[in-house]
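Below is one structure, written out as structure tokens; comments come after it.
The values are calculated or read from the model by the stated rules, or taken from the named source; none is laboratory data. This is a predicted model, so every value here is computed, not measured. Positions of Cβ are generated from backbone atoms using ideal geometry, with glycine treated the same way; all protein chains shown enter the neighbour counts. SASA here: full protein model, heavy atoms, side chains in, ligands and nucleic acids out. Shrake-Rupley method; radii C 1.70, N 1.55, O 1.52, S 1.80 Å.
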Amino acid sequence: MLWLKNAYVVDPIQGVSGVRDVVTRDGRILLLGRNIPADRLADGGEMEVVDCTGKYLFPGFVDAHVHLREPGQENKEDIASGSRAAVRGGVTSLICMANTEPVIDNQALVELVVRRGRQTGLARIYPLAAATKGLRGEELTEMAELQECGAVGFSDDGRGIQNGEIMRLALEYAKITGCPIVSHCEDAALAGQGVMRRGRAAAARGLAGIPATAESVMAARDVLLAGETGGRLHLAHVSTRGTLAALRAGKAAGWDITAEVNPHHLILTDEDVPLTNSSFKVNPPLPSAEDRESLLKALADGTIDMLATDHAPHTWEEKARPFAEAPFGMTALETALPAIWTYLVRPGLLSVERLVEAFARRPAERFALRAGTLRPGAAADMVLFDPDYEETVSAERMASKSANTPFLGRTLRGFPIKTWVEGRLVFER
Amino acid sequence: MNWRRKDLLDLEVLSADEIRLVLDTAVSMKEVLARPVKKLPTLRGKAVSTLFYEPSTRTRLSFETAAKILGADTASLAVAQSSVSKGESLLDTAKTLAAMQVDLVVIRHASAGAPHFLAENLSLSVINAGDGQHAHPTQALLDIFSMREKWGDVAGRKILVVGDILHSRVARSNAVGLSKLGAEVVLVGPPTLLPPEMDYLGVRLAYDFDRELKGADAVMMLRLQLERQRSGLFPSLREYNRLYGLTQERLARLGPDGVVLHPGPINRGVEIMSAAADDARSLIETQVTNGVAVRMALIYLLIGGGTADVVA
């Protein structure tokens with residue numbers, strides 16, 4: 001048994017935000033309350049007591065967008081290293097993407113990911129399967145059977161489904177499963193050869209721009225298709241005002257649409273991109289300052305449902321190239337929560353309650369995962385968080401195999417200091 | 001003033017005084033070029049390498065000539081014959097050059113920031129000979145030098161840069177450098193090649209070449225890459241030429257000491273008509289000569305004495 005005393009517990013599902021004690025037994029939450037008297041815990045067996053005064057206790061975070069790179073790109077990351085990175089960042093459940101080599105578009109690979117995740121035994125790993133075979137955007141995958149094997153949704157993430165009819169069919173067919181189609185909105189023709197957001201910052205760097213419409217145009221299409229089909233749509237990594245307009249319209253119409261935003265799109269803008277640091281190269285690219293403002297507002301008011309990292313590891317060799325030649329993507333599992341805390345929660349741009357709702361409750365609900373709450377009876381996936389713990393982000397400390405984060409070298413304040421999965425301590429700082 | 005920089009990567013970081021120092025140094029260098037024996041001992045024993053990832057004979061030759069006149073040894077690495085085609089990274093290639101005790105690398109690369117990337121990772125000096133669409137500082141310096149030579153000063157002059165602004169590192173570097181020296185720059189081109197975000201340069205953007213010609217002292221015509229038409233950026237060479245080509249008629253509307261510039265190589269009959277290119281007011285050939293002088297000045301400042309009095 002574990003008795004966590006005097007923690008500041010935040011659990012939006014129960015409407016809790018205040019100092020509480022939490023007791024766990026056999027990997028589950030047993031009690032949550034104020035000043036639990038010791039006699040209620042008699043004969044519960046051996047009891048470990050942790051004084052949590054001045055610390056937050058959160059439900060383990062749920063990251064709906066992670067690239068674990070296994071199978072095929074284990075030089076960047078694998079399920080074991082990605083799981084270690086997750087729990088180090090306070091993430092106890094994660095959804096991983098299908099754009100591996102080979103693509104996770106068949107039953108055997110879905111099962112492989114699920115099995116490797118269990119073997120590793122750290123964060124809970126839930127795969128998305130590809131929506132179309134080989135991510136080619138031409139033929140649907142066997143969604144029903146993929147779901148039986150453990151897929152919690154379907155996505156061609158990494159590229160947009162260019163053919164509107166295929167997207168429409170995916171939204172229709174996925175109804176069999178009840179799982180969302182996760183859309184990476186990117187019109188390939190509009191995106192062209194761009195490497196950062198089109199605008200003054202890109203023009204000044206002489207870098208080809210990706211217009212905001214490359215995302216918004218497809219987001220609007222997919223929202224309308226979700227409305228027409230009644231399908232279940234989740235928009236990955238939204239980053240433009242145009243997308244937000246489409247999202248608001250779709251939600252106002254009552255359609256089954258959710259959306260996520262990545263922390264880096266809330267913290268950094270195109271003006272922050274250094275010409276010689278490709279760790280700032282990400283897709284969708286870092287937004288304009290105006291888009292960043294709008295994204296923050298949309299997260300706060302619930303238009304954007306959830307936070308997700310889009311953790312996208314790449315090797316040093318791949319990133320140590322001129323900006324235009326380096327691959328898109330940044331790592332985030334280990335830095336997302338500290339960066340959100342440092343740049344958003346601490347300055348008052350995001351409430352701690354909304355943080356937990358957006359980064360634990362909502363993704364768990366949307367993908368039907370047993371996670372995201374500290375309600376008695378739930379699995380004891382928990383994060384003890386010290387809001388004053390400072391650490392400088394360094395490649396040496398990373399559990400991830402890659403260190404392509406724009407926060408490298410920055411000192412962040414507010415870190416998870418203990419992470420439990422099913423009552424087991426899986427990480428301690 | 002003395003020169004203190006290790007590299008020349010773009011003009012954005014230079015002060016107006018630093019730009020003038022380069023231009024003043026180039027005046028002395030041009031005098032050397034006019035001598036019957038074009039050779040100085042100044043940089044004897046120094047090694048300059050050119051590393052060109054994009055085809056260019058003119059710019060590379062200009063740099064090599066400049067380095068040789070100053071007495072430096074030169075070597076060139078062209079992509080097709082080097083281990084670059086075997087997949088060696090830019091950083092490893094550069095480290096190899098550094099290990100050969102090269103003092104200065106002149107790099108041209110299709111990717112913006114490649115010279116900056118080298119400069120950050122190497123202790124030797126780096127000159128940017130053109131990086132993607134980003135910057136071409138030596139071209140801008142030689143253009144400014146050529147106008148200054150003609151007029152004495154560029155301050156208060158109206159200079160039109162005409163053509164494919166979007167893809168042009170020459171336009172960017174000229175707008176930056178000329179603005180610092182007090183000139184009025186107007187970027188002119190069709191909207192598809194002149195997106196609104198180019199206003200980051202703090203200069204005016206215009207679609208109407210004819211209207212802007214009024215009161216202009218210089219027109220700088222940019223080379224039109226013919227593949228832009230295939231990408232749909234403009235409908236036809238015919239219409240492009242009609243709207244943005246430099247004809248004799250347009251040339252006649254320049255101010256009294258107006259000049260024509262072009263970074264070369266020119267597309268006769270596309271962005272510039274032959275008669276205009278060969279007109280007395282064309283500085284196109286002078287630009288080539290001045291290119292050597294300006295590059296001599298830069299090489300000298302970067303790996304020579306660091307002062308302007310070179311040809312004492």
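Matching residues to (1) within 14 Å of chain A (Cβ to nearest Cβ); (2) open to solvent by 20 Å² or more (accessible area, probe 1.4 Å):
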residue: B:Ala119; (1), (2): yes, no
residue: B:Gln133; (1), (2): yes, yes
residue: B:Lys150; (1), (2): no, yes
residue: B:Val161; (1), (2): no, no
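Just need a number here: residues in the range A:382-429 that are farther than 22 Å from A:Pro263 by Cα and surrounded by 15 or more Cβ atoms within 10 Å (Cβ to Cβ).
Going through the range A:382-429 one residue at a time, the tally reaches 7.
Kindly indicate whether any position in the range A:162-177 is more than 19 Å from A:Val223 (Cβ to Cβ) and over 24 Å from the mean Cα position of the chain (by Cα).
Let us first name the residues in the range A:162-177 that are more than 19 Å from A:Val223 (Cβ to Cβ), namely A:176-177.
From the residues that got through so far, the ones that are over 24 Å from the mean Cα position of the chain (by Cα) too are A:176.
Yes, there is a match, as at least one residue in the range A:162-177 is more than 19 Å from A:Val223 (Cβ to Cβ) and over 24 Å from the mean Cα position of the chain (by Cα).
Looking at the range B:185-199, which of its residues are without any contact (Cβ under 8 Å) to a residue 24 or more places away in the chain and within 11 Å of chain A (Cβ to nearest Cβ)?
Pass one, the range B:185-199, residues without any contact (Cβ under 8 Å) to a residue 24 or more places away in the chain: B:191, B:196-197, B:199.
Residues satisfying the conditions are B:Pro196, B:Glu197, B:Asp199.
One line per residue, one yes/no per condition, for (1) assigned to a loop (DSSP other than H, G, I, E, B); (2) outside the structural domain of A:His234 (by TED's automatic domain parsing); (3) in contact with a Ser or Thr (Cβ under 9 Å, 6 or more places away or on another chain); (4) not basic (Lys, Arg):
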| site | (1), (2), (3), (4) |
| --- | --- |
| A:Leu349 | yes, no, no, yes |
| A:Ala358 | no, no, no, yes |
| A:Arg362 | no, no, yes, no |
| A:Phe385 | no, yes, no, yes |
| A:Asp388 | no, yes, no, yes |
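Please count how many residues of the range A:280-290 are touching a Ser or Thr at 6+ places or on another chain (Cβ under 6 Å) and within 14 Å of another protein chain (Cβ to nearest Cβ). Break it down into steps so the answer makes sense when it comes.
Start the filter on the range A:280-290 by keeping residues that are touching a Ser or Thr at 6+ places or on another chain (Cβ under 6 Å), which leaves A:284, A:286-287, A:289.
Filter again for within 14 Å of another protein chain (Cβ to nearest Cβ), leaving A:289.
Qualifying residue count for the region: 1.
Considering only the range B:163-179, state which residues are open to solvent by 20 Å² or more (accessible area, probe 1.4 Å), of a type in the set (A, V, I, L, M) and under 13 Å from B:Ile19 (Cα atoms). Even if it seems obvious, please write down each step before you answer.
Initially, the range B:163-179 is screened for residues open to solvent by 20 Å² or more (accessible area, probe 1.4 Å), giving B:166-167, B:169, B:176, B:179.
Next cut, of a type in the set (A, V, I, L, M) only: B:166, B:176.
Correct list: B:Val176 only.
So which residues in the range A:81-99 are farther than 21 Å from A:Ala380 by Cα and open to solvent by 10 Å² or more (accessible area, probe 1.4 Å)?
Within the range A:81-99, A:Asn99 is the sole residue that qualifies.
From the set of residues in the range A:305-319 that are closer than 30 Å to A:Leu233 by Cβ and hydrophobic (A, V, I, L, M, F, W, C), which is farthest from the other protein chains (Cβ to nearest Cβ)?
Quick first cut of the range A:305-319, residues closer than 30 Å to A:Leu233 by Cβ only: A:305-314.
Then drop every residue that is not hydrophobic (A, V, I, L, M, F, W, C), which leaves A:306-308, A:312.
On the way: A:Met306: 32, A:Leu307: 30, A:Ala308: 29, A:Ala312: 21 Å.
Ranking the candidates gives A:Met306 first.
Of all residues in the range B:208-231, which are in a loop (DSSP other than H, G, I, E, B) and either under 20 Å from B:Gly269 (Cα atoms) or open to solvent by less than 10 Å² (accessible area, probe 1.4 Å) (or both)? Steps first, please.
Taking the range B:208-231 and keeping what is in a loop (DSSP other than H, G, I, E, B), we get B:208, B:214-217, B:222-226, B:231.
Correct list: B:Asp208, B:Ala216, B:Leu222, B:Arg223, B:Leu224, B:Gln225, B:Leu226.
Filter the range B:180-194 down to the residues that are closer than 23 Å to B:Tyr244 by Cα, touching a helix residue (DSSP H, G or I) at 6+ places or on another chain (Cβ under 6 Å) and surrounded by fewer than 23 Cβ atoms within 10 Å (Cβ to Cβ) and list them by number.
B:Val186
Conditions first: (1) in contact (Cβ under 8 Å) with a residue 12 or more places away in the chain; (2) of a type outside the set (A, V, I, L, M); (3) farther than 26 Å from A:Gly372 by Cα. A:Glu165 passes all but one, so which condition is the exception?
Result: A:Glu165 passes all but (1).
Just give me the residues in the range A:377-416 being within 23 Å of A:Leu32 (Cβ to Cβ) and of a type in the set (D, E, K, R), in sequence order.
Once the filter is applied, which keeps residues that are within 23 Å of A:Leu32 (Cβ to Cβ) and of a type in the set (D, E, K, R), the range A:377-416 yields A:Asp381, A:Asp386.
Here's the yes/no breakdown for (1) open to solvent by 60 Å² or more (accessible area, probe 1.4 Å); (2) in a helix (DSSP H, G or I):
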{"position": "B:Leu11", "(1), (2)": "no, no"}
{"position": "B:Glu18", "(1), (2)": "no, yes"}
{"position": "B:Ser28", "(1), (2)": "no, yes"}
{"position": "B:Leu40", "(1), (2)": "no, no"}
{"position": "B:Arg44", "(1), (2)": "yes, no"}
{"position": "B:Ala66", "(1), (2)": "no, yes"}
{"position": "B:Thr74", "(1), (2)": "no, no"}
{"position": "B:Thr93", "(1), (2)": "no, yes"}
{"position": "B:Ala98", "(1), (2)": "no, yes"}
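Can you confirm whether B:Leu61 is under 26 Å from B:Phe145 (Cα atoms) and in a strand (DSSP E or B)?
Working: under 26 Å from B:Phe145 (Cα atoms): yes; in a strand (DSSP E or B): no.
No.
Of the residues A:Arg410, A:Arg361, A:Arg354, only one is closer than 19 Å to A:Asp310 by Cα and at pLDDT 95 or above; which? Before the answer, list the steps.
Details: A:Arg410 fails: closer than 19 Å to A:Asp310 by Cα; A:Arg354 fails: closer than 19 Å to A:Asp310 by Cα.
Only one candidate passes the filter, namely A:Arg361.
Filter the range A:320-330 down to residues that are open to solvent by 10 Å² or more (accessible area, probe 1.4 Å) and either away from every other protein chain (no Cβ under 11 Å) or touching a Cys at 6+ places or on another chain (Cβ under 9 Å) (or both), then give me how many there are.
Of the range A:320-330, the ones open to solvent by 10 Å² or more (accessible area, probe 1.4 Å) are A:320-321, A:324-325, A:327-328.
Restricting the remaining residues to those that are either away from every other protein chain (no Cβ under 11 Å) or touching a Cys at 6+ places or on another chain (Cβ under 9 Å) (or both) gives A:327-328.
The total comes to 2.
If I ask for residues that are farther than 20 Å from A:Glu396 by Cα, open to solvent by less than 20 Å² (accessible area, probe 1.4 Å) and in a loop (DSSP other than H, G, I, E, B), which ones from the range A:45-68 would you list?
A:Cys52, A:Gly60, A:His67
Can you confirm whether the range A:294-316 contains a residue that is outside any loop (DSSP other than H, G, I, E, B), under 19 Å from A:Arg198 (Cβ atoms) and at pLDDT 95 or above?
So far as the range A:294-316 goes, yes, one or more of its residues are outside any loop (DSSP other than H, G, I, E, B), under 19 Å from A:Arg198 (Cβ atoms) and at pLDDT 95 or above.
Of the conditions (1) surrounded by fewer than 23 Cβ atoms within 10 Å (Cβ to Cβ); (2) out of contact with any helix residue (DSSP H, G or I) (no Cβ under 7 Å at 6 or more places or on another chain); (3) more than 14 Å from every other protein chain (Cβ to nearest Cβ); (4) of a type in the set (S, T, N, Q), A:Asn262 clears all except one; give me its number.
For A:Asn262, the failing item is (1).
Just checking, how many residues over the range A:179-221 are among the polar types (S, T, N, Q) and away from chain B (no Cβ under 14 Å)? First the steps, then the outcome.
Step one: of the range A:179-221, the residues among the polar types (S, T, N, Q) are A:183, A:193, A:213, A:216.
From what is left, the residues that are away from chain B (no Cβ under 14 Å) are A:183, A:216.
Of the residues in the range A:179-221, 2 are among the polar types (S, T, N, Q) and away from chain B (no Cβ under 14 Å).
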